[in-house]
1. Could you look at the range 1-56 and say what percent of its accessible area is carbon and sulfur, using a 1.4 Å probe and all protein chains?
2. Compute the accessible area per residue over the range 1-74, keeping the other protein chains in place, probe 1.4 Å, unit Å².
3. State, to one decimal in nm, how far the label point of Glu110 lies from the label point of Asn20, with both points 7 Å from Cα in the Cβ direction.
4. Using a cut-off of 24 Å between alpha-carbon atoms, which lysines can reach Lys114, once sequence neighbours fewer than 8 places away in the same chain are excluded?
5. Distance in nm between label sites at Ala2 and Glu124, each 7 Å beyond Cα in the beta-carbon direction?
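The values are calculated or read from the model by the stated rules, or taken from the named source; none is laboratory data. Keep in mind it's a predicted model, so treat the numbers as computed, not measured. Ideal geometry is used to build each Cβ from the backbone, glycine not excepted, and the neighbour counts take in all protein chains shown. Keep in mind that these areas ignore ligands, DNA and RNA; they rest on the heavy atoms of the full protein, side chains included. Shrake-Rupley method; radii C 1.70, N 1.55, O 1.52, S 1.80 Å.
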Amino acid sequence: MAKTVLMIDDNPEFVEATTNLLEAKGYEVVSAANGKEGIEKAKTVSPDIILLDVMMTTESEGFDVARGMQKEETLKNTPVIIITGIRKEMNLPFGFEPNDEWLPVKAVLEKPVKPDVLLSTIEENIGGR
C-alpha cells in the first residue's frame, strides 16, 4: 500500500512539481494551501509524513502549525519535514534546526530542495508507519 504524503504549501508550482516527483516514486500525495486546511486534512487523511512550508498566510505559519500538531493526539507522532525559503526570503544569517519544544519536526530543508535530498529525507523519516 502506498505511503501518503501531506504537503502543506501555498506555492502551486512547488506543490505540482513535488507531487509529480513523489507520485513517480509511488507515494500518494494530498495537499493543502494553508495551515488550517492542512491540519484538517491531516486529521482526516492520517498521512504517513507531512511536508510543511513556513511562510503561508503569515510569515511563521508553518512553525505554528508544527507546534499545534504536537498537541493533537492523532497527529503528534506523524513525522513533519519543514521545507522553506524563509532564510533566503528574510535574509536571515542563521538556519533552523529541529527542536522538541520550539520546532518539533524531523528535518528542515531549504528551498529549492534537490529531489534526491527530499526523497532520502522522506525515506529516513517515514519509517515503518
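1. Within the range 1-56, the accessible surface is 50 percent carbon and sulfur.
2. About 50 Å² of surface per residue is accessible.
3. Once both label points are built, they end up 2.5 nm from each other.
4. Within reach: Lys3, Lys25, Lys88, Lys106.
5. Taking the two extended label points, one gets 2.6 nm.
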